Amino acid sequence: MKKVFFKTFGCRTNIYDTNVMMANLRDFTIAEDEVSADIIVVNSCTVTNGADTGVRSYINTLSKRGKKVIVAGCGAISKGESLFGQKKVFGVMGHSEKEHINTLLKHETPFFEIGDLNALDETIVEEYQGKTKAFIKIQEGCNFRCSYCIIPFVRGNARSQDEAKIIEQVRTLACNGYGEFVLTGTNIGSYGKDKNSSLGKLLQTLGAIQGVRRIRLGSIEPVQIDESFREILSEPWLERHLHVALQHTSEKMLELMRRRNHVQRDLELFQELSSRGFALGTDFITGHPGESDAIWEEAYTMLEAFPLTHMHAFIYSKRDGTPSATMKPEIKGDVAKKRLKSIEALIATKNHAFRLAHQHTPLSVLVEESKEGYFSGYDQFFNPVHIHSTRDISKEWVTLPLYNVQKETNVATF
């Protein structure tokens, strides 16, 4: 049988989507690398120009080697027609076509199957090769229309996966030995809005499934933390880290970005969550059009007040067809980069302070890998931990009552 190699770019949702494609292969085997593969499926990301560039560069390299390349993922929607027209790829498959991959890969002639943006996966993923934790996609698409974001145009409107399907997925994986589950999707906080349910209600159900030890969440919006969500904040299976997307801490910038959150309410929410013992992460964009020096200084001062421990910060990337793409004035790249570095340094300091303040809290770690003489994994606060051990503790859950808080990470002996 021909061998297929999967290259995944981008987010946790793409990791899940790749495993859906793998699960639907019947007449092919999975290759461990590009060299041995007959076909290479590129599950692409298009969230920024950098993501597009990385995907295109990878495809160009494969094309020069004469490899048969299929592009899937978000980039298939935004750039697939161009790549196909330039004969850079043999085939293009949209999100709705993942479960037809076995048939598509048998094509003897080039194909362009973009599909639609209404589908939901029916596949039950039973394992994640090389992974200690399992990813569960609970919804697809987004109804928010932030001015800078292209994702709703390549993932479609928000739609929730059937709860019974999610439960079946988690039970199957729990029976197969997975104890940590990462809930993912385009906008997971919108789960249930179309089904008279909510993310909080779903979590209550999943947390009661035998074998579930920890549930991690992807990014949620401040306005999506409702009473049903607050009801599960003390549950032992919920990780003590939440990623709540702010994008900015200037009210003016939030208005320009067409966001639904407001700075003062955000601060009050973060203080509430922090008081309940959560480590808190967020997204932040620097260099969006209109981010003047005065606005930036205001935003940075406000950011200092937030009890943050983690940050996914990135420089604004113009996406053609979005409202932000025509906004003025534009911010110079070196200015945006300097601002990015400053907030990354700020949050690194806050993270270190958080770990020092919690250094007497035992850490619960799922050991994920071994390298360079130590084992590593993430604790309940989503902080990396390096563990020295005389025996192989790979894939084990360990409790660390004693550890050293270092600048970059916590270090323990087990």
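What the table below lists for this structure:
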item	result
Cα-projected label distance for Asp392 with Thr349, points at 7 Å along beta-carbon direction, nm	4.5
Euclidean distance of C-alpha centroids, segment 191-250 and segment 25-55, integer Å	31
Area projected by the alpha carbon convex hull of segment 248-404, averaged over all directions, nm²	11.5
Segment 124-236, relative contact order [Cα under 8 Å, separation at least 6], %	28
Nonlocal amide H pairs with Asn410, under 5 Å, H built at 1.01 Å	His386
Tail beyond 36 Å, pair distance distribution of the chain (Cα, percent)	28
Cut-off under 5 Å, modelled amide H: who pairs with Leu238 long-range	Ile215
Cβ crowding within 10 Å averaged over residues, with 352-364, 133-145 ranked highest first	133-145, 352-364
Estimated FRET transfer efficiency (Gln406, Thr109; beta-carbon r; R0 56 Å; 0.05)	0.50
Mean projection area, nm², convex hull over Cα of segment 169-303	9.0
Net dipole in debye of segment 3-113 [+1 Lys, Arg Cβ; -1 Asp, Glu Cβ; about Cα centre; nearest 20]	320
Sequence-separation-based contact order of the chain, relative, with Cα cut under 8 Å and 6+ spacing, percent	10
Nearest-0.05 FRET efficiency for Ala325 and Lys165, computed from C-beta distance (R0 30 Å)	0.25
Rounded if a/c under 1.5, otherwise prolate or oblate - segment 77-209, Cα gyration tensor axes	oblate
Projected area averaged over orientations for segment 363-413, convex hull of C-alpha atoms, nm²	3.2
For Gln161, distant residues with modelled amide H under 5 Å away	Gln139, Glu140
Over 14 Å [Cα-Cα, segment 103-151], rounded percent	73
Rounded to whole Å, sorted largest first: equivalent-ellipsoid semi-axes of segment 3-113, Cα gyration tensor	18, 16, 14
Antiparallel bridges, percent of DSSP beta bridges restricted to the chain (to nearest 5)	30
Listed peptides 19-25, 404-410 by packing density, highest first (mean Cβ within 10 Å)	19-25, 404-410
Estimated vicinal HN-Hα couplings, Hz - segment 113-128 in sequence order (Karplus 6.51, -1.76, 1.60; Gly, Pro = x)	10, 7, x, 9, 10, 10, 6, 10, 5, 9, 5, 9, 7, 9, 7, 10
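Taken together, the values in this text are just the output of simple stated rules run on the coordinates, not laboratory data. The structure presented is a predicted model; accordingly, all values stated were derived computationally and were not measured. Every residue, glycine among them, receives a Cβ derived from its backbone with ideal geometry; neighbour counts consider all protein chains shown.
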